[in-house]
Amino acid sequence: MKPLITISRTIDRLNEFIGHSVSWLLLVAVLVSAGNAVSRKLFSLSSNAMLELQWYLYGAVFMLAAAYALLKNEHIRIDILSSSWSKRTRDWIDLVLHIIFLVPFAGMMVYLAWPWFWRSFESGEHSTNAGGLILWPAKSFILIGFILLLLQAFSEIIKRIAVLSGYLKEDEELYSEAGNAAHMMAEDMPND
C-alpha cells in the first residue's frame, strides 16, 4: 500500500501546484476583460482575439482547477444528506461513486478529447471569427483538465481505501469546516 500512497501524494502535490498556479490566470482574465472594455468604450476598438483570450483564460482555470477542487473536496454535494452520515459512510460512498461514475466519465472524456485536440493541433485550426485565435490551446485545456481529474480520482480512491482499511489515519486538523478531505496523515503508515 505504501507505493500507492506515494503515488497518491505525488498526484496531490501536482494538482495542488497546478491549482495554485492557474488561480493567477483569473487575474490575467480580469485584466484582459477590463482592457477590452476600456478600449471598446473609450477608443471604439474591439478585438475578437482579445474576446477569445478571455474565454480561453476562464476555460483554462475551470478545466485545470477541477482536479484541485476534487483534492480540496470542494465539489458540490448534497450536504443536507451527507452531513448526517458518519465519516466512514461518506468515505464508502465517495469510494463507490468515484469508481463507478467519476473514473469512467473522466476516462471517457480523455479518450474523446485526445483525437479532437490532435486534429485541431495538426490542422492549425483557427477560430471562424475574424482575427480569432488558434483553437488547439483551448482544446488542450479540456484534455489536460480531464487527465488531471482522472489522476486525482485515482488518488482519492487510493486514500479512501487506505482510510477505510485502517492503513491511514485522517489528519483532523486538515478537516476544517470548509472541508479538506484530500489530506491524510502518512506518518502512521506501517512499513511494508
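All of the numbers you see were taken from the coordinates with simple rules; none came from a lab. All values reported here derive from a predicted model rather than from experimental measurement. We place every Cβ from the backbone using ideal geometry, glycine too, and count neighbours over all the protein chains shown.
Sorted from largest down, what three extents in whole angstroms do the Cα atoms of the chain have along their principal axes?
Result, largest extent first: 64, 36, 31 Å.
Multiplying the sequence separation of ILE80 and LEU42 by 0.36 nm and subtracting their Cα-Cα distance, what value in nm do you get?
Fully extending the segment from ILE80 to LEU42 adds 8.8 nm.
Using only the alpha-carbon atoms, how far is helix 48-64 inclined from the longest principal axis of the chain? Give it as 0 to 90 degrees, nearest 10.
0
What relative contact order, as a whole-number percentage, does the chain give when Cα pairs under 8 Å and 6 or more residues apart are counted?
Relative contact order for the chain comes out at 30 percent.
Have a look at SER155, TYR58, SER83 and report the one farthest towards the positive end of the charge dipole of the chain, computed about the Cα centre with Cβ charges (Lys/Arg +1, Asp/Glu -1).
Of the options given, the answer is TYR58.
Please enumerate, by chain and number, the lysines with C-alpha under 19 Å from the C-alpha of LYS159, excluding those fewer than 8 residues away in the same chain.
List returned: LYS2, LYS72, LYS87, LYS169.
Evaluate the charge dipole of region 1-155 about its Cα centre and quote only its size in Debye, nearest 20, assuming +1 on the Cβ of each Lys and Arg and -1 on the Cβ of each Asp and Glu.
Result for region 1-155 is approximately 260 debye, rounded to the nearest 20.
Starting from the Cα of PHE62, move 7 Å in the Cα-to-Cβ direction to define the label point; list residues of region 137-155 whose amide nitrogen is under 12 Å from there.
Under 12 Å, as judged by backbone N against the label point of PHE62, lie 142 of region 137-155.
For the chain, what does -39500 (n - 2.57) per DSSP helix run (n ≥ 4), summed and divided by total residues, give at 222 nm, in deg cm²/dmol to the nearest 500?
Value at 222 nm, helices only, nearest 500: -23000 deg cm²/dmol.
Taking 0.36 nm per residue of sequence separation and subtracting the Cα-Cα distance, how much length would be gained by fully extending the chain between THR89 and PHE105, in nm to one decimal?
Full extension from THR89 to PHE105 adds 3.5 nm.
Of the listed peptides 147-155, 104-112, what is their order by residue-averaged count of other C-beta atoms within 10 Å, with the highest listed first?
Top to bottom by mean Cβ count within 10 Å: 147-155, 104-112.
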